[in-house]
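*Asks:* Quick one: this structure, given as structure tokens, is what I'll be asking you about.
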């Protein structure tokens, strides 16, 4: 049996830890509901925007820069929609700034490394754009070893996702794409399922996939022939492409935030339960040790009294 003082110190230490984990669980539970609502509210809009973009994409047979005013890379839709041989892939990895979220960050990092190794085997280079301190810390050394540079780092975007933050990320990656530094844009994020589960996903942003041939006019991904565009489809597409990219990144950030909070709530709940179990076990051990010590003292007193009597 252990020392009474040591056992008591351990119980006090675990009690302190339990208070922290319980508080973190309550904070995560309060935030995750709001985040879940935001994710579910944004999904229908994202779905419809992607559908409209694909229909418009299929209706334009040639991409032209004529008459277009291009100020930012994300406005250069003819170059953004080009399909070229993939020599370098740009991957946005979304993690969290804080730990104590179970296996959330480890799962994202593990999936990212798998994708990097897969591309390396195909002779394709990878450039990373990482959102979240945990992802930056975990991938920094490994990327140096395998020759996978981290081009951009984002911190505030994962704590408070907003269309402005998403637009900044989209503009950065669009600039690399238009310059020809990357030929493909992907996002490694987590899809929020419910309070108890999520799963890691890889989203391909560019080049556009899932669209039908422009001549298949009977397909659901084709615009109504009666629709008219002013001034023309090229100007409309120039507005829709930045919206498409920005919203995809924003949706990925929202999904990741909800997944992180749900994972943290689950992890802190489990940690609190484990702390309570450990406290119970240590309390039993403490009582046994204390009882043993008292019994031992009584035996010593009785033995001393008997010795004096004899």
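Rule-based calculations on the coordinates, nothing more; no lab input. This is a predicted model, so every value here is computed, not measured. Here the Cβ positions follow ideal geometry from the backbone for every residue, glycine too, while neighbour counts run over all protein chains shown.
*Asks:* Looking at (1) in contact with a helix residue (DSSP H, G or I) (Cβ under 6 Å, 6 or more places away or on another chain); (2) without any contact (Cβ under 8 Å) to a residue 24 or more places away in the chain, can you tell me which one residue 44 breaks?
*Replies:* Unmet condition: (1).
*Asks:* Identify the single condition in (1) more than 30 Å from residue 271 (Cα to Cα); (2) over 31 Å from the mean Cα position of the chain (by Cα) that residue 3 does not satisfy, given that it satisfies every other one.
*Replies:* Every listed condition holds for residue 3 apart from (1).
*Asks:* Do you know which residues across the range 146-163 are outside any loop (DSSP other than H, G, I, E, B) and touching a residue at least 40 places away in the same chain (Cβ under 8 Å)?
*Replies:* If the condition is that a residue be outside any loop (DSSP other than H, G, I, E, B) and touching a residue at least 40 places away in the same chain (Cβ under 8 Å), then 151, 157, 158, 159, 163 are the ones that fit.
*Asks:* Which one of these is touching a strand residue (DSSP E or B) at 6+ places or on another chain (Cβ under 7 Å) and either part of a helix (DSSP H, G or I) or loosely packed, with under 12 Cβ neighbours inside 10 Å (or both): 27, 50, 39? Steps first, please.
*Replies:* Working: 27 fails: touching a strand residue (DSSP E or B) at 6+ places or on another chain (Cβ under 7 Å); 50 fails: touching a strand residue (DSSP E or B) at 6+ places or on another chain (Cβ under 7 Å).
Going through 27, 50, 39 in turn, the sole match is 39.
*Asks:* Could you tell me whether residue 276 is under 19 Å from residue 21 (Cα atoms) and surrounded by fewer than 16 Cβ atoms within 10 Å (Cβ to Cβ)?
*Replies:* Numbers: under 19 Å from residue 21 (Cα atoms): yes; surrounded by fewer than 16 Cβ atoms within 10 Å (Cβ to Cβ): yes.
Against the criterion (under 19 Å from residue 21 (Cα atoms) and surrounded by fewer than 16 Cβ atoms within 10 Å (Cβ to Cβ)), residue 276 qualifies.
*Asks:* Another question, then. Hey, can you tell me all the residues within the range 160-181 that are under 14 Å from the mean Cα position of the chain (by Cα) and surrounded by fewer than 16 Cβ atoms within 10 Å (Cβ to Cβ)?
*Replies:* 160
*Asks:* Taking only the range 111-134 into account, find how many residues are assigned to a helix (DSSP H, G or I), free of Cβ contacts under 8 Å to residues at least 60 places away in the same chain and touching a strand residue (DSSP E or B) at 6+ places or on another chain (Cβ under 8 Å).
*Replies:* Of all residues in the range 111-134, those assigned to a helix (DSSP H, G or I) come to 111-121, 133-134.
When the remaining residues are screened for being free of Cβ contacts under 8 Å to residues at least 60 places away in the same chain, the result is 113-114, 116-121, 133-134.
Filter once more, so that each one left must be touching a strand residue (DSSP E or B) at 6+ places or on another chain (Cβ under 8 Å): 116, 119-120.
Within the range 111-134, residues that are assigned to a helix (DSSP H, G or I), free of Cβ contacts under 8 Å to residues at least 60 places away in the same chain and touching a strand residue (DSSP E or B) at 6+ places or on another chain (Cβ under 8 Å) number 3.
*Asks:* Determine, yes or no, whether residue 166 is touching a residue at least 12 places away in the same chain (Cβ under 8 Å), farther than 17 Å from residue 257 by Cβ and assigned to a helix (DSSP H, G or I). Lay out the reasoning, then the answer.
*Replies:* Numbers: touching a residue at least 12 places away in the same chain (Cβ under 8 Å): yes; farther than 17 Å from residue 257 by Cβ: no; assigned to a helix (DSSP H, G or I): yes.
It is false that residue 166 is touching a residue at least 12 places away in the same chain (Cβ under 8 Å), farther than 17 Å from residue 257 by Cβ and assigned to a helix (DSSP H, G or I).
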